[in-house]
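Worksheet: the structure to be examined is printed underneath.
Here, each number is a calculation from the coordinates, and none is a lab measurement. Bear in mind that the values here come from a model prediction, so they are computed numbers and not experimental data. Glycine also receives a Cβ, built like all others from the backbone with ideal geometry; neighbour counts cover every protein chain displayed.
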Ligand SMILES: [Zn+2]
């Protein structure tokens, strides 16, 4: 399992729903969480590891500061409510290394999803968790955070990313 870097085709297309929650699906979610912790991510969506399925993992606990892990695994998540009020905050993405930009999003989100045991769940969140949920669900729809910027700002971010990737490949 490795992280797909933008603009990998799997990051640009809509992922398909998970039809059945099998051991294979549960194993994949566990592996995604493990990888996310390893690289200090807050969230990881299946398309980011090359799997075009509607599932994701999130943990906003500051594990590096001694907080206990709070893993959330979402299968087929669906946003059912977004606040009118919007908040602007800096975002980054494991698929866009070293790119950080201010992104405006609704401050609060309500999401309904199925957990890894097949139980329906509902969660309302704001702040970092609310933002991570929206960011990760975007990935399931082929959307990355720089798509929320103006066309010019997005173009600048993409050309910056190209330079960063080139630097990685050269070193
Ligand atoms: Zn991301």
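Applying the Kirkwood pairwise sum to the alpha-carbon positions of the chain produces a hydrodynamic radius of 16.5 angstrom. Against the chain, whose longest principal axis is taken from its Cα atoms, helix 127-140 shows a tilt of about 80°.
In terms of its C-alpha gyration tensor, the stretch 1-76 has an oblate overall shape, because the principal axis ratio a/c (a ≥ b ≥ c, square roots of the eigenvalues) is not below 1.5 and a/b does not outweigh b/c.
Which of these, 104, 73, 84, has the largest mean-square fluctuation under a Gaussian network model of the chain (Cα springs below 10 Å)? Comparing 104, 73, 84 in the GNM, the peak value goes to 84.
Per-residue ellipticity at 222 nm computed for the chain from its helices equals -10000 deg cm²/dmol, with DSSP H segments shorter than 4 residues left out and the rest contributing -39,500 (n - 2.57). Report note on the peptides 15-28, 44-57: ranked by the mean count of other C-beta atoms within 10 Å, highest first, their order is 44-57, 15-28.
Annotation for the stretch 91-105 versus the stretch 143-171: alpha-carbon center distance of 10 Å. Assuming a ≥ b ≥ c are the square roots of the Cα gyration tensor eigenvalues, decide whether the stretch 47-99 counts as rounded (a/c under 1.5), prolate (otherwise, with a/b larger than b/c) or oblate. It is rounded, given that a/c, with a ≥ b ≥ c, falls under 1.5.
Can you give the % of DSSP beta bridges in the stretch 9-170 that are antiparallel, to the nearest 5? Close to 95 percent. If you sort the three axes of the alpha carbon gyration tensor as a ≥ b ≥ c, you get a/c under 1.5 for the stretch 30-123, which makes it rounded. A full extension of the chain between residue 147 and residue 90 corresponds to an added length of 19.1 nm, given 0.36 nm per residue minus the alpha carbon distance. For the chain, the longest principal axis of the C-alpha atoms and the axis of helix 151-170 are separated by about 80°.
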